[in-house]
């Protein structure tokens, strides 16, 4: 995914482990049973007693994201990345932050479509 994101000019890449509240767990597990039956046992075990992935798993995923961001010249997503214009510079990882700009509804529609 990071390679494809970089290929189309993305500025950042992010990933987070699944957060699965007990109220949505049956619906999600039903989807997994139907489309990915080989994963049901793993998901049932992972989320049997908790809504969030373990701290160890979250750290492991964060490390993987950092690694692919470096490999493909992407930055890790910041909280205000969608509201901040990024300069058109080579992907060096050392880009300076530009104050947020009013991007307007048309651009935001394109970002989220």
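Where a number appears in this text, it was derived from the coordinates with a stated rule and is not lab data. Keep in mind it's a predicted model, so treat the numbers as computed, not measured. Heads up, the Cβs are rebuilt from the backbone with ideal geometry, glycines too, and the neighbour counts pull from every protein chain shown.
Some notes on this structure:
- Sites residue 66 and residue 44 - FRET efficiency at Förster radius 25 Å, r taken between beta-carbons, to 0.05: 0.25
- Gyration tensor (alpha-carbon) shape descriptor, the stretch 2-80, a/c threshold 1.5: prolate
- Once both labels are positioned 7 Å from their Cα atoms along Cα-to-Cβ, the gap between residue 3 and residue 31 label points is 2.6 nm.
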